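All remarks here apply to the structure that follows.
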Amino acid sequence: MPLYIDGQYIKTEESIPVYHKYTGEVIASISKAGRQHVIQAVDAAQRNFNKDSLTPVQRYAILLKCAELMEKRRDEFERSLVQEVGKTRKDAKGELDRTINTLRLSAEEAKRIAGEMVPLQATEGSENRIGFTIRVPKGVIGVITPFNYPLLLGVHKVAPAIAAGNTIVIKPATSTPLATFMLVDLLEEAGLPKGFVNIITGAGSEVGKWLLAEERIAMYTFTGSGEVGKHIKEKSGLRPVALELGNNSPNIVHKDADLDLAAQLTANRSFHNAGQACIAVQRLYVQKEVFEEFTQKYVEHVKQLNIGDPEKEQTDVGPMISEKEAIRTEEWVREAVSQGARSLVEIKREGALFYPAVLVDTKPDMKVICQEVFAPVVCIVPYDEVQEAFEAANTSDYGLQAGIFTKDLQLAMRAAKVLQYGGVVINDVSTYRNDVMPYGGIKNSGIGKEGPHYAIQELTDERMVVMNL
Ligand code: NAD
């Protein structure tokens, strides 16, 4: 795919292949942008922001139409996600459902952007003043997305940015860029004027550098690793950033939990997208009295998972994004085992396919438990008193989402208060995300919230208006 700037495809001299993540075949190639292309893309976004604002009703109609068109072309999108990410069909369908919903939610929010009255007249000397705020779009938004949910996470940024009246330059992950091209194509078919969303591709280290140097970009919204997130924050100066970063989700299974439900949900949601989800279940803290029973049920579910070709309808766990990542995962798991951890299932890797691993007897400083594993690996750790589980859950530098299974309402509410995470899910897994909700982490998991309503707050400026009557 060439770059897409101001409605024109621009092919550059150098290109980067895009692989089918299971078969390894080349399925496309993308152009490598140079500095001048980044400048052109920002020019186009800025020009279109200044000249051509869409009304809220127009933005609503475009986003809604885009959702409708995507619904009609589900097969095309599903096929592309399966190929470029290595997602199973089940995971690709799930990503599509959520993407369509997020487009619809963003459409609705386009009609709800509002300020508030400010009671100036209640201050002595200001009796004849009226004050209110309005929300105005920020301008050109720099969007940078990761490989794992290239369509959904792109839409979580692009759709609210459009709903808010901004224009966009987007840089998708180099390994999974195709979903972004398909999305922008559909947005334009739905009525978005050309030049409102511009796509540049190339290595993050190069294109990212030029993008961050562009002072005309009013705000960056990024999802990806903590390392790159910190770099973006450093380079963006006083401009605002929204950063959705890494995580290491803990899930607590208390002795009074519905163990069947807990085992089924945690086993299913530990390994979807081959564990490459920022809120995937990574650490399971299970109360000692139910540890054996829960672990047995959990492993039974894991053994039933179908691993392999993502194109096959029945596959539950497909390949990781690359063989390199699968090798890194295998090394972390084998290192843990060499330091005393035990695997309850066979440790197995075939190319980029890493079979789900379930570890017990881990120590808190092993990489598999104290770092973000971002792979199909789960550590199950017993605890005695629930306070121990809370403390262990909070030892992480990350803080995106956590889960707890318990029938005790008091304990559930205590968990909601004590767990240092952006979201706490009760009687479901940390992986639960409904796109309407405010979503974002604390600590090293990032800054700012997604979910169209909340993202729009960040993608607009609040302007105070004072009238002297
Ligand atoms: P990554 O940080 O390697 O890359 C993300 C994007 O940043 C890519 O488009 C990449 O090209 C670009 N990039 C790389 N270097 C850059 C630079 N110097 N300047 C600007 N851009 C640069 O992340 P990834 O491997 O694609 O994704 C995995 C990570 O994303 C994991 O840590 C995961 O937890 C995180 N993630 C977080 C969430 C969330 O909502 N919090 C969701 C999904 C993924």
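The values are calculated or read from the model by the stated rules, or taken from the named source; none is laboratory data. Predicted model only: the values in this text are computed from it and were never measured. All Cβ positions, glycine included, derive from the backbone under ideal geometry; neighbour counts span all protein chains shown.
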The number of residues in the stretch 180-216 that are within 19 Å of GLU13 (Cα to Cα), of a type in the set (A, V, I, L, M, F, W, C) and part of a loop (DSSP other than H, G, I, E, B) is 2
Of the listed residues (GLN314, GLN282, GLN264), the one being without any contact (Cβ under 8 Å) to a residue 12 or more places away in the chain and either away from the ligand (no atom under 16 Å from the Cβ) or part of a strand (DSSP E or B) (or both) is GLN314
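Residues checked against (1) in contact with a Phe, Trp or Tyr (Cβ under 6 Å, 6 or more places away or on another chain); (2) in contact (Cβ under 8 Å) with a residue 12 or more places away in the chain; (3) assigned by the TED database to the domain that holds ASP258:
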residue: VAL345; (1), (2), (3): no, yes, yes
residue: GLU350; (1), (2), (3): no, no, yes
residue: MET366; (1), (2), (3): no, yes, yes
residue: ILE380; (1), (2), (3): no, yes, yes
residue: TYR383; (1), (2), (3): yes, yes, yes
residue: VAL386; (1), (2), (3): no, yes, yes
residue: LEU400; (1), (2), (3): no, yes, yes
residue: THR406; (1), (2), (3): no, yes, yes
Take the stretch 243-280 and flag every residue that is more than 24 Å from LEU409 (Cα to Cα), in contact with a strand residue (DSSP E or B) (Cβ under 6 Å, 6 or more places away or on another chain) and modelled with pLDDT under 95.
-> SER270
Which one of these does ALA44 not meet: (1) assigned to a helix (DSSP H, G or I); (2) farther than 30 Å from ILE113 by Cα?
-> (2)
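Mind listing whichever residues of the stretch 8-17 are surrounded by 15 or more Cβ atoms within 10 Å (Cβ to Cβ) and either small (Gly, Ala, Ser) or part of a strand (DSSP E or B) (or both)?
Matches in the stretch 8-17: ILE10, SER15, ILE16.
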Across the stretch 69-88, what is the total count of residues that are surrounded by fewer than 19 Cβ atoms within 10 Å (Cβ to Cβ) and in contact (Cβ under 8 Å) with a residue 40 or more places away in the chain?
-> 3
Taking the stretch 369-424 as the region of interest, how many residues are of a type in the set (Phe, Trp, Tyr), more than 16 Å from the ligand (Cβ to nearest atom) and out of contact with any strand residue (DSSP E or B) (no Cβ under 6 Å at 6 or more places or on another chain)?
-> 1
Touching a strand residue (DSSP E or B) at 6+ places or on another chain (Cβ under 6 Å) and part of a helix (DSSP H, G or I) - does that describe any residue in the stretch 51-65?
-> no
Quick one: count up the residues across the stretch 14-33 that are β-branched (Val, Ile, Thr) and either more than 17 Å from SER205 (Cβ to Cβ) or outside the structural domain of ILE200 (by the TED database) (or both).
-> 4
Any residue in the stretch 163-185 that's within 20 Å of ILE39 (Cα to Cα): show its pairings with residues that are of a type in the set (Phe, Trp, Tyr) and within 12 Å of the ligand (Cβ to nearest atom) at Cβ separation under 8 Å, as long as the two are six or more apart or on different chains.
-> ALA173/PHE147
Inter-residue pairs, beta-carbon under 8 Å, first of a type in the set (Phe, Trp, Tyr) and in the stretch 324-341, second in a helix (DSSP H, G or I), 6+ apart | TRP332/LYS367; TRP332/VAL368
In the stretch 182-206, which residues are within 14 Å of the ligand (Cβ to nearest atom) and surrounded by fewer than 24 Cβ atoms within 10 Å (Cβ to Cβ)?
-> ALA203, GLY204, SER205, GLU206
Checking VAL82 against (1) more than 24 Å from ALA163 (Cα to Cα); (2) assigned to a helix (DSSP H, G or I); (3) in contact with a strand residue (DSSP E or B) (Cβ under 9 Å, 6 or more places away or on another chain), the condition it does not meet = (3)
